[in-house]
Amino acid sequence: MPKHSLANPPLSVLIVSYNTRAMTLSAIRTLRLHTRTPIRVLVWDNASTDASAEAITAAFPDIHLVRSLSNIGFARANNRLAEFARTPWILLLNPDTELRTDAVDQLLSFAKSHPRNGIYGGRTIFADAHLNPGSAWMRITGWSSLCAALGLSTLLRHTTLFNPEGIGGWARNTMREVDIVQGSFLLIRRAIWRDLGGFREHYFMYGEEADLCLRAIARGYRPLITPNAEIVHHAGAASPDRGDRQILLSRARATLIRDHWNVRHHDFGIGCMVMGSLVRRLAYGTLGQIAPARFATRARAAAAVWHARREWRRGYGRGTTPLAPVAGTLDAAADADPEVSDRPMAIPGRSIPR
């Protein structure tokens, strides 16, 4: 078995867990099984109610675990963990992922051979080995917004013309520069992460990696995908309800438009989102009546998103820089953040009472 706890490993792996006990355990287990690069694993548990933190500590007593007293969101939790990373590289890894190959080794080697790109990702598949196209995206544009509103990006999703954000037709099987690397499997040099200020924390969940990548591009970097680093990404485990997840995604999208578009074009972008929500509400509502076994779930989700439009169209609020860095070791987190328990951590070599 490879070593995973050298004094100065090159890579810190950040995992934010929220009620994904079994998947988080599998993610850590397969990460260690298939990774030869010495790594330091940092886990933040966002106040899970399924005993995730206890299970992680029991299964992996050498894991650096922080148990939050409340769910502080994906962006803020990663920022907090990143402050404890003392390695040249940082890998963001979702708890609903699974390694079946040496994907982490491949991704790190790939990044080192393309140092100017700054941010790197791999290829994601579902558990049945079919492509999960969510590993990479292009930015939201006026044309892509219109295509999404009219349903063209769904009906003609395999064409890049009508599905430009999803890069339709690309099987993620070639090296390619993209606008956005998904945060489920995102490698970045720590110096660049710090230069960008990490995630902007008004993105509670979803959209934060798109914002990070777009800010990196503005600094001259260019996110890059390699097909040689392939992982399983089950997707959506932290927000399994389809309606709730779509509302969060809509809110994140509205925030990206407000943060990265000229203010004169905000109304068009948000208007396209509202129109698209109505189109899906009507389309899936009709299909749900015709073939309920196939479309009832989508119909309910589309209805939920439509009824919540006044909420998500406002986005998460204007962007801010992350909170001030937390100094010191993992022990310092308790004093630095009132939302973290004063004795919540599993530190290697010590038993922490709960």
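Only one entry of His260, His158, His234, His202 meets the criterion of being within 14 Å of Ile140 (Cα to Cα) and out of contact with any Cys (no Cβ under 7 Å at 6 or more places or on another chain), and that entry is His260. Against the condition closer than 21 Å to Leu212 by Cα, among the aromatic types (Phe, Trp, Tyr) and modelled with pLDDT under 95, how does Phe110 come out, does it pass? When the stated conditions are applied, Phe110 does not pass them.
The single condition among (1) over 11 Å from Ser17 (Cα atoms); (2) open to solvent by 10 Å² or more (accessible area, probe 1.4 Å); (3) in contact (Cβ under 8 Å) with a residue 40 or more places away in the chain that Ala75 does not satisfy is (2). Among the conditions (1) within 19 Å of the chain's Cα centre (by Cα); (2) within 26 Å of Gly118 (Cβ to Cβ), Glu98 misses just one, which is (2).
Check region 262-285 and report whether any residue there is touching an Asp or Glu at 6+ places or on another chain (Cβ under 9 Å) and either closer than 14 Å to Arg310 by Cα or free of Cβ contacts under 8 Å to residues at least 12 places away in the same chain (or both). The answer is no, given that none of the residues of region 262-285 is touching an Asp or Glu at 6+ places or on another chain (Cβ under 9 Å) and either closer than 14 Å to Arg310 by Cα or free of Cβ contacts under 8 Å to residues at least 12 places away in the same chain (or both). Could you please let me know if Thr154 is β-branched (Val, Ile, Thr) and farther than 23 Å from Leu248 by Cβ? No; evaluated as a whole, the condition is false for this residue.
Does region 167-191 hold any residues that are in contact with a helix residue (DSSP H, G or I) (Cβ under 7 Å, 6 or more places away or on another chain) and either open to solvent by 10 Å² or more (accessible area, probe 1.4 Å) or under 26 Å from Glu83 (Cα atoms) (or both), and which are they?
Our first condition is that a residue be in contact with a helix residue (DSSP H, G or I) (Cβ under 7 Å, 6 or more places away or on another chain); within region 167-191, this holds for 172, 179-183, 185-187.
Listed by number, the residues that qualify are Asp179, Ile180, Val181, Gln182, Gly183, Phe185, Leu186, Leu187.
The helices (runs of 4 or more DSSP H) located wholly in region 245-354 include none with 3 or more residues which are at pLDDT below 50, open to solvent by 80 Å² or more (accessible area, probe 1.4 Å) and in contact with a Pro (Cβ under 9 Å, 6 or more places away or on another chain). Among the residues of region 163-171, is any farther than 21 Å from Ala210 by Cβ and at pLDDT 95 or above? Scanning region 163-171 turns up at least one residue that is farther than 21 Å from Ala210 by Cβ and at pLDDT 95 or above.
The values are calculated or read from the model by the stated rules, or taken from the named source; none is laboratory data. No experiment lies behind these values; they were computed from the predicted model shown. Positions of Cβ are generated from backbone atoms using ideal geometry, with glycine treated the same way; all protein chains shown enter the neighbour counts. Calculation scope for accessible area: heavy atoms of the full protein, side chains included, ligands and nucleic acids excluded. Shrake-Rupley method; radii C 1.70, N 1.55, O 1.52, S 1.80 Å.
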